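Read-outs: derived from the displayed coordinates by stated rules, not from any lab. All figures in this text were calculated on a predicted structure; none of them were measured in a lab. No Cβ is skipped: glycine too gets one built from the backbone with ideal geometry, and neighbour counts run over all protein chains shown.
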Amino acid sequence: MKTVHEIYNEKLRTPEEAVKVVKSGDWVDYSQTCSFPIALDEALAARKDELTDVKVHNAISMGPVQVVEQDPDNEAFTYNLWHCSALDRKYIDEGKAFFVPMLFRNCGSYYLRGQANVDVAMVTVSEMDRNGNFSYGLTNCCMQEVLDSAEVIILEVNKTMPFVYGLANDHINIREEKVKYVVESPYPIYTVENPKATDTDRKIANNIFPYLRDEVTLQLGIGGTPNAIGALIAESDLKDLGMHTELMSDGYFELYKAGKITNRQKADVNRRKGVFSICNGSRELYDFMDHNIDILSAGMDYVNDPAVISSIANFVSINSCIAVDIYGQVCSEAVGTRQISGTGGQLDFVTGAYRSPGGMAFITMKSTRTDRNGVKHSNVKARFVDGDIITTPRTQAPIIVTEHGAADMTGLTTWERAEKLIGLADPDFRDELIDAAEEQKVWRRSNKR
């Protein structure tokens, strides 16, 4: 029997040789975030004059995508995104990419049901261990479903991808028949800068902090506000916290370094293990993840399952949004029809946290935004009228938080919601919001003005 190293060497190719397997009309999958295959993408883009109608799936691009950069008119490639980064927004704005609506916990099932096609999967993995295994590293997500559905798999081995343990479906072996080629990447995997918290972020965090207590399990989004919350917790007396999160970022890394996360209190689900599905952040975070038995990766179908979330007592979910209307509808992914991010797992965690014994969900936002012309706009809207996409319906709206306070929407009438949400708006906009609420018949005469 051949050794795993002999098989590795037999399958080893240059990126240029490996991508010759792609044919016109194929669907190619790059998986998501840190699994993006930098060298293979570069080699595939170089074939733009040979190919037509090649469709590529990815999510959360963390660096330049060469099938877009080298083919800006989509003559050979069509780039399709399950979720958007800032770069992806730019690509979509310029007509160079397209968005795919999805619910993160269901994304893997789209592949298994044949609703998302994969002819060739090209993904970044860790270096091979002595048994022939490659870790999926920082991206579990729906990696297994992508690879199970692919006709051909090309592995881009990257020595900077950490080896991360998982609950299940966390690796692939060199003996796998569908692994046709292996290439070795000369590039480090992408990192992202940790967003700095602003004064407004810190005010929002201060409005959430009184709700927190020892032994809660945290799901934090990414951005300035979650980082501000992490900083408050790191400096506090809170202890024995847990992690169960769709996306692990440097905010959690800081909590681990401060000794705040132990996962001891997760008595019935993954006790003493922090669980995540995708991870991006600093090089220091990636090094922390490498062979770290405190942390497990898991598929989105598990991490984002409301039944799993609700089985963890005292679960606290903290996510952000773009705008809220006075009925409690939450838009977290678009400004009008312009795609900003995606649905992700917000609704999954709002649902699961509500059902968790002692659980709570928060959705945060800054009360205003300033456009490129310097004009200030309220993020508390009278109503959505410009095609804004509702991510969390008003029937499930949880605790909404701005720098002006926090208000729980659960069980409130329309007039109570209007009063509470207008109270969270910037004072400069409250009178016009009250006028709109009166016109829309959701302002009670005895409400405060």
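Observations on the model:
- A cut-off of 5 Å between modelled amide H atoms, ignoring neighbours fewer than 5 places along the same chain, links G137 with S126, V164.
- Applying a threshold of 18 Å to the alpha-carbon distances of K48/K90; K23/K48; K196/K366; K20/K178; K23/K90 flags K48/K90; K23/K90 as lying beyond it.
- Here each label is just a point 7 Å from Cα along the line to Cβ, and for K441 and N74 those points are 4.3 nm apart.
- Report summary: the helix-based calculation at 222 nm, which adds -39500 (n - 2.57) for every DSSP H run with n ≥ 4 and divides by the residues of the chain, gives -7500 deg cm²/dmol.
- The stretch 211-315 gives an Rg/Rh value of 0.92, both radii derived from C-alpha positions and Rh following Kirkwood.
- ³J(HN,Hα) computed for each position of the stretch 107-117 - Karplus, 6.51 cos²θ - 1.76 cosθ + 1.60, integer Hz, glycine/proline x: 4, x, 5, 4, 5, 5, 8, x, 8, 10, 8
- Degrees, to the nearest 10: 427-439 long Cα axis against longest axis of the chain: 80 degrees
- Of the residues G230, P186, P37, the one whose Cα sits farthest towards the positive end of the charge dipole of the chain is G230 (charges of +1 on Lys and Arg Cβ, -1 on Asp and Glu Cβ, taken about the Cα centre).
- Across the chain, Cα pairs under 8 Å and at least six residues apart give a relative contact order of 13 percent.
- Relative protection proxy for 70-78, 202-210, from highest mean packing down: 202-210, 70-78 (other beta-carbon atoms within 10 angstrom).
- Proximity of backbone amide H atoms, modeled 1.01 Å from N, is registered between K239 and D214, E215 at under 5 Å, excluding neighbours fewer than 5 places apart on the same chain.
- The stretch 186-262 shape via C-alpha gyration tensor axes, a/c threshold 1.5: oblate
- Helix axis angle, 414-424 relative to the chain longest principal axis, alpha carbon, degrees: 80 degrees
- If you wrap the tightest convex hull around every Cα atom of the stretch 155-288 and split its volume per residue, you get 114 Å³.
- The stretch 199-439: C-alpha pair distances exceeding 23 Å, %: 48 percent
- Gained length - E284 relative to S109, 0.36 nm times residue gap less alpha-carbon distance: 59.7 nm
- Per-residue 3J(HN,Hα) values for the stretch 304-318, derived from phi via the Karplus relation 6.51 cos²θ - 1.76 cosθ + 1.60 with θ = phi - 60°, read 9, 6, x, 5, 5, 4, 5, 7, 9, 5, 6, 7, 10, 10, 10 Hz in sequence order (x marks Gly and Pro).
- Crossing angle, helix 346-355 versus the chain [Cα axis fit, 0-90 degrees, rounded to tens]: 60 degrees
- Set the Cα radius of gyration of the stretch 12-184 against 2.2 N^0.38 Å, with N its number of residues, and you get 0.96.
- Amide proton proximity set for N292, modelled H, under 5 Å, gap of 5+: Y165
- The chain: most fluctuating residue of V65, V401, V216 per GNM, C-alpha cutoff 10 Å: V65
- For the stretch 12-184, the antiparallel share of DSSP beta bridges with both residues in that region comes to about 10%.
- Residue-span extension gain [K2 to D49] - 0.36 nm each, minus C-alpha spacing: 13.0 nm
- Based on C-alpha pairs under 8 angstrom that are at least 6 apart in sequence, the stretch 333-449 has a relative contact order of 23 percent.
- Each Cα pair under 8 Å and six or more residues apart adds its separation to the average, and for the stretch 118-258 the resulting relative contact order is 19 percent.
- Surface/4 of the Cα convex hull for the stretch 1-86, nm²: 6.4 nm²
- When only alpha carbons are used to place a centre, the stretch 1-49 and the stretch 161-183 end up 14 Å from one another.
- Assuming charge only on the beta carbon of Lys and Arg (+1) and of Asp and Glu (-1), the dipole of the chain about its Cα centre is about 1380 debye to the nearest 20.
- Peptide ranges 32-42, 291-301 listed from the most packed, as the mean C-beta count within 10 angstrom indicates: 32-42, 291-301
- With θ taken as phi - 60° and the Karplus curve 6.51 cos²θ - 1.76 cosθ + 1.60 applied, the whole-hertz 3J(HN,Hα) list for the stretch 230-237 is x, 5, 4, 5, 4, 8, 9, 9 Hz, x standing for glycine and proline.
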